[in-house]
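A short worksheet on the structure shown next.
We did not get these values from a lab; they are worked out from the coordinates using the rules stated. Small disclaimer: the values here were computed from a predicted structure and weren't measured. Neighbour counts are summed over all protein chains in view; Cβ atoms, including those assigned to glycine, are modelled from backbone coordinates with ideal geometry.
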């Protein structure tokens, strides 16, 4: 998937635990853990907004686009 989630990196930079972020954002630990590990195919804008507010960051700090590798031979 060309979109990579970097929530784990931002959380480490901010020194915030999964439990603490879960409480601030208002979503279950298990759902936040799936976002953190990139095991989701979608994220609601309201969730992204709450995460950005809690971590004082921009969506671009959490989401990264990596173009697919193509063989142009």
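Here are the numbers:
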read-out	value
Hey, residue 41 part of a loop (DSSP other than H, G, I, E, B) and under 24 Å from residue 66 (Cα atoms) or not	yes
Breaking point among (1) part of a helix (DSSP H, G or I); (2) in contact (Cβ under 8 Å) with a residue 12 or more places away in the chain, for residue 19	(2)
Failed condition for residue 4, given (1) loosely packed, with under 14 Cβ neighbours inside 10 Å; (2) over 10 Å from the mean Cα position of the chain (by Cα); (3) in contact (Cβ under 8 Å) with a residue 24 or more places away in the chain	(2)
Criterion violated by residue 44 - all others in (1) exposed (fewer than 14 other Cβ atoms within 10 Å of the Cβ); (2) touching a residue at least 40 places away in the same chain (Cβ under 8 Å); (3) within 12 Å of the chain's Cα centre (by Cα) satisfied	(2)
Looking only at region 49-73, and only at residues there that are assigned to a loop (DSSP other than H, G, I, E, B) and in contact (Cβ under 8 Å) with a residue 12 or more places away in the chain, the one that is surrounded by the most Cβ atoms within 10 Å (Cβ to Cβ)	57
Leading residue by the ranking (surrounded by the fewest Cβ atoms within 10 Å (Cβ to Cβ)) among those in region 23-38 that are in contact with a strand residue (DSSP E or B) (Cβ under 9 Å, 6 or more places away or on another chain) and in a helix (DSSP H, G or I)	37
Given (1) surrounded by 14 or more Cβ atoms within 10 Å (Cβ to Cβ); (2) farther than 19 Å from residue 2 by Cβ, number of the condition residue 20 does not satisfy	(1)
